[in-house]
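Comments concern the structure below.
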Amino acid sequence: MSKKLIDLQHITKSYDGHTILDDLNLYIRENEFLTLLGPSGCGKTTTLRLIGGFESPDNGKIIFDGKNITNLAPNERQLNTVFQRYALFPHMTIAENIAFGLKIKKKSKDYINDKIKYALKLVNLDGFEKRSIDSLSGGQQQRIAIARAIVNEPKVLLLDEPLGALDLKLRQDMQYELIRLKNELGITFIYVTHDQEEALTMSDTIVVMNQGYIQQIGTPEDIYNEPCNAFVADFIGESNIIDGIMLEDKLVKILNVTFPCVDEGFGTNTPVDVVIRPEDVELVAPEQGLLSGEVTSLIFKGVHWEIVVLAGGYEWLVHTTQMHPVGSKVGIRVDPFNIQIMNKPESSDEKAVELDA
Amino acid sequence: MRNLKRQLFAGPYMIWIVGFILLPVVMILYYAFTTSSGSFTVSNVLTITHPIFFRALLFSLKLALVCTLICLVLAYPLAMILNNMKNGSQGFIVFIFILPMWMNFMLRILAWKMLLSNNGIINTILGFFGLPDLHIINTPAAVVLCMVYDFLPFMVLPIYNALARINRDVIEAAKDLGAGNITIFFKIIVPLSMSGVISGIIMVFVPALTSFAVSDLLGGGKVLLIGNIIEQAFTQDYNWNLGAGLSFVLMIFVLVSMTLVNSRDTEGGANVW
Ligand SMILES: Nc1ncnc2c1ncn2[C@@H]1O[C@H](COP(=O)(O)OP(=O)(O)OP(=O)(O)O)[C@@H](O)[C@H]1O
Ligand SMILES: [Mg+2]
């Protein structure tokens, strides 16, 4: 693993008495694509602004490449930001926008011109040098904002929901584009989004946040397959989250039916949250299932059907490629391996979860 | 149908434009290019080449320029301070600035006359502290001082509005790209507030160039501006043709200066006239 490039230590930040971030600890490795993911207002932008130097923490330290930069002004930090609302300079042409940072660094004219060409090519907007900012669409402006940041060859690029304003198709194109850029340029990305799919597609590491607390840090696979609590499970993809009781190791009671599972170490008769992904619910004939119920809704989603089954008093969300008409009787089965058991939240930062979940 | 309705709504404005803008301009043009008996002439307009009139015009231009410059130098920092203040107090200070504008224009000039006159309040206070008297009443300095006082809000407000419209994001982006405060000021703040500066310049320069009341009351007859000469032509000599001719020349100067100032506008789309 490569070395730590940025290290946030015990960061606390509050606005007018409201604590936004409370004792946040997070490090980012060199060349990593790290994504901050969480619902609106959870403190993602605030975290990014602290790293960028636009806010200073009430408490804690920010270490960059071994040096304490907590009190350094933004223009003295070796990183660049792509802002949530583009923030292009409206009185300059596109070329002037891109050249801004390079002119400040007193680069030669030839160097700047080469860089502008190269950056515009990179974001697929060659020939746009002379255009004005208002003549661009939202997606094009976004790409210029990215070009303006990367020509400075920062060690770290901070991106605040850079694809938020784009439609689905363009967003997907830009996702690939960004990953390509990252690999080509070898810079570290800190990326903010509240779109879980985007986070799963692009990141090396995902940091799931809620109400100023980090809920889980891990690879996309970890976060999706082994969510550490009900909030993460709910936020990353759709889930059936059901109250259960862990009877003993490898046996959990859900909706008064005992399901075999693979988890151990929860003690006996412990209340837990049980998470089952909709694609892991198998629909079988009524007498073959552990539970049986009736289909109450059926929606075609393209690749699969989204079905709601009322069984045992709970509305199970099911993704399946087989059609089951509304009103038909079905049985429910779940592979023990696909049942996730989680402790109910206890500590104060986990309680934040409950409020939202 | 909808079109007809729209035209009906525009009706009153059309009457206003024709009655109070077009008609007076046409009348000025008519009088400017005719003799008192009604035959065509250019002599009214050419009177401006007469040394006294020409000097008055040059002097008016100079005073208006000085006044505009002083207003700009005072207003820009003021607008920046206003813009950097907390939201609550901002409104209050702007209000304080607008407050004198609610007083009658003539009253304000008369107040300055009282303040500045040789036995006036300022000299009484200066004398009380044993300081030398201030003799600026009846000089161009008094005229400029009063015009600056009168017109300063017209410079501050458009600049303040332009500054307030600059997005905080844009300034942060500049910082992010390595710009220090000086670069941010000259490369971002000044160009983005240019539309306000231009509005301000026009709103101060034009009334300063054409004013006659201030120089009348504070110049003591010694400060002769082109506005005073036009006023005298109309109200004392009853020579409407001469007055209109000189007004026409002044109008040309106003139009030319506005065009010049507007062509310096870098932002585009911010034309104020
Ligand atoms: N300058 C500020 N003054 C006061 N409160 C602020 C300020 N900036 C942010 N906040 C508050 O801090 C909290 C976190 O804001 P932040 O912008 O970090 O959220 P976010 O996670 O980026 O949300 P979004 O996804 O909507 O962009 C919010 O409750 C917000 O109201
Ligand atoms: Mg945000």
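The values are calculated or read from the model by the stated rules, or taken from the named source; none is laboratory data. Being a predicted model, the structure only gives us computed values, none of them experimental. Methodologically, a virtual Cβ is constructed for each residue, glycine included, from the backbone with ideal geometry; neighbour enumeration extends over all protein chains shown. For the accessible areas, the whole protein counts, side chains as well, though only heavy atoms, and no ligand, DNA or RNA atoms are used. Shrake-Rupley method; radii C 1.70, N 1.55, O 1.52, S 1.80 Å.
Quick notes
- Placing R0 at 35 angstrom, the Cβ-Cβ distance between A:Asp65 and A:Asn113 gives a FRET efficiency of 0.70 after rounding to 0.05.
- Taken about its Cα centre, the protein assembly as shown carries a charge dipole of about 3880 debye when Lys and Arg each add +1 at the Cβ and Asp and Glu each add -1 at the Cβ.
- Solvent-accessible area of A:Met174 with every protein chain in place, 1.4 Å probe, in Å² to the nearest 10: 10
- Three-way shape label, the stretch A:4-225, alpha-carbon gyration tensor, a/c 1.5: prolate
- If you sort the three axes of the alpha carbon gyration tensor as a ≥ b ≥ c, you get a/c of 1.5 or more for the stretch A:228-357 and a/b no higher than b/c, which makes it oblate.
- The protein assembly as shown - convex hull of alpha carbons, volume per residue in Å³: 268
- In terms of its C-alpha gyration tensor, chain B has an oblate overall shape, because the principal axis ratio a/c (a ≥ b ≥ c, square roots of the eigenvalues) is not below 1.5 and a/b does not outweigh b/c.
- Of the DSSP H helices in chain B, those whose Cα atoms cover at least 20 Å axially and whose Kyte score averages 0.5 or more: B:51-84, B:140-165, B:190-210, B:240-263
- Probe 1.4 Å, all protein chains present, accessible-area order of B:Tyr76, A:Tyr224, largest first: A:Tyr224, B:Tyr76
- At R0 = 22 Å, FRET efficiency that the Cβ-Cβ distance of A:Lys329 and A:Asp243 yields, to 0.05: 0.35
- Within a straight-line Cα-Cα reach of under 17 Å, A:Lys121 can be paired with the following aspartates and glutamates, leaving aside sequence neighbours fewer than 8 residues apart in one chain: A:Glu96, A:Asp110, A:Glu129, A:Glu153, A:Asp173, A:Glu177, A:Glu184.
- Excluding ligands, DNA and RNA, the accessible surface per residue across chain B is 57 Å² with a 1.4 Å probe.
- B:Ile98 - accessible surface, heavy atoms, 1.4 Å probe, Å² rounded to 10: 50
- Lysine pair count for the stretch A:238-348 [Cα-Cα under 24 Å; pairs on different chains or 8 or more apart]: 4
- Net +/- balance of residues flanking A:Ile254 in space, Cβ distance below 11 Å, scoring K and R +1, D and E -1: -1
- Each of B:Thr235 and B:Thr49 was given a label point 7 Å from its Cα along the Cα-to-Cβ line. The distance between the two points is 3.1 nm.
- Distance between the pseudo-spin-label points of A:Thr320 and B:Phe128 (7 Å out from Cα toward the beta carbon): 9.6 nm.
- Charge-dipole axis of chain B as Lys and Arg at +1 and Asp and Glu at -1 on Cβ define it, positive-most pick from B:Ile52, B:Thr34, B:Tyr160: B:Tyr160
- Calculated FRET value between B:Thr259 and A:Ile299, using beta carbons and R₀ = 56 Å, to 0.05: 0.30
- Sequence-separation-based contact order of the stretch A:4-225, relative, with Cα cut under 8 Å and 6+ spacing, percent: 29
- In loop segments of the stretch A:262-317 as defined by DSSP, the GluC sites (Glu not before Pro) with at most 16 further C-beta atoms inside 10 Å of their C-beta are A:Glu264.
- GNM result for chain B, Cα springs below 10 Å: residue of B:Leu225, B:Leu72, B:Leu99 fluctuating most strongly: B:Leu99
- Cα long-axis angle, helix A:138-150 against chain A (0 to 90 degrees, to the nearest 10): 60
- For chain A, the longest principal axis of the alpha carbon atoms and the long axis of helix A:109-122 meet at an angle near 20°.
- Acute angle (nearest 10 degrees) that the helix A:168-185 long axis makes with the longest principal axis of chain A, alpha-carbon atoms: 60
- Stretching B:Ile252 away from B:Lys62 to a fully extended chain increases their span by 66.8 nm, per 0.36 nm per residue minus the current alpha-carbon distance.
- Distance violations [Cα-Cα > 29 Å] among A:Lys4/A:Lys109; A:Lys61/B:Lys187; A:Lys61/A:Lys117; A:Lys130/B:Lys86; A:Lys182/B:Lys175: A:Lys4/A:Lys109; A:Lys61/B:Lys187; A:Lys61/A:Lys117; A:Lys130/B:Lys86
- The heavy atoms of B:Trp240 present about 110 square angstrom of accessible area, all protein chains included, probe 1.4 Å.
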